[in-house]
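Taking it in order: structure first as structure tokens, then the write-up.
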Amino acid sequence: MPATFTNLYDRDAELDVDYYLNTHMPLVQKLLGPSVLISWKLWKLPDDSPFSYEGEVIWASIEAREAALKTKEGSQCKEDLKNFVKKPAMVFLRELVGSGPNS
């Protein structure tokens, strides 16, 4: 079952959006592959929000994500975090348990 990880970046995290979009996420896609990383999105949040950006990463499953991040390639992805953000994101896990039509 696909699992969604939502990453909320504080305003003081100083997220380098260009690096995230053009370097980090393409690296993650390349290293972990489409069978593990299904999709990702990044949203800019309103100025009055305590968070500047929200990232969403959809993984094939929680188990697939955990296994992938334990590999050499997964370690490279984690090591790259320091290149685009000064403070770790607040991370939430969502696992789909049901949905309606057209969703």
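Tabulated data
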| item | result |
| --- | --- |
| Search result, residues across region 59-84 that are surrounded by 12 or more Cβ atoms within 10 Å (Cβ to Cβ), out of contact with any Leu (no Cβ under 9 Å at 6 or more places or on another chain) and more than 17 Å from LYS30 (Cβ to Cβ) | SER61, GLU66, ALA67 |
| Test: residue in region 33-45 that is under 17 Å from MET1 (Cβ atoms), in contact with a helix residue (DSSP H, G or I) (Cβ under 9 Å, 6 or more places away or on another chain) and not hydrophobic (A, V, I, L, M, F, W, C) | yes |
| Looking only at region 52-103, and only at residues there that are among the aromatic types (Phe, Trp, Tyr) and part of a strand (DSSP E or B), the one that is nearest to THR4 (Cα to Cα) | TRP59 |
| Pairs with Cβ under 6 Å, 6+ apart, first in region 85-101 and within 17 Å of PHE51 (Cβ to Cβ), second of a type outside the set (Lys, Arg) and not in a strand (DSSP E or B) | VAL85/ALA13; VAL85/LEU15; LYS86/ALA13; LYS86/GLU14; LYS87/ALA13 |
| Search result, residues across region 33-47 that are assigned to a strand (DSSP E or B) and of a type in the set (Gly, Ala, Ser) | SER39 |
| Residues being within 22 Å of GLY98 (Cα to Cα), without any contact (Cβ under 8 Å) to a residue 24 or more places away in the chain and exposed (fewer than 15 other Cβ atoms within 10 Å of the Cβ) - total across region 1-58 | 2 |
| Complete set of residues in region 1-29 that are among the charged types (D, E, K, R) and either under 14 Å from the mean Cα position of the chain (by Cα) or assigned to a loop (DSSP other than H, G, I, E, B) (or both) | GLU14, ASP16 |
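Yes/no matrix, rows are residues, columns are (1) over 18 Å from PRO88 (Cβ atoms); (2) at pLDDT below 95:
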position	(1), (2)
ALA3	yes, yes
LEU8	no, no
ASN22	yes, no
LEU32	yes, yes
LEU37	yes, yes
PHE51	no, no
VAL57	no, yes
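The values are calculated or read from the model by the stated rules, or taken from the named source; none is laboratory data. Given the structure is predicted, the values throughout are model-derived calculations rather than measurements. Don't worry about glycine lacking a Cβ; one is built from the backbone with ideal geometry, like all the others, and counts go over all protein chains shown.
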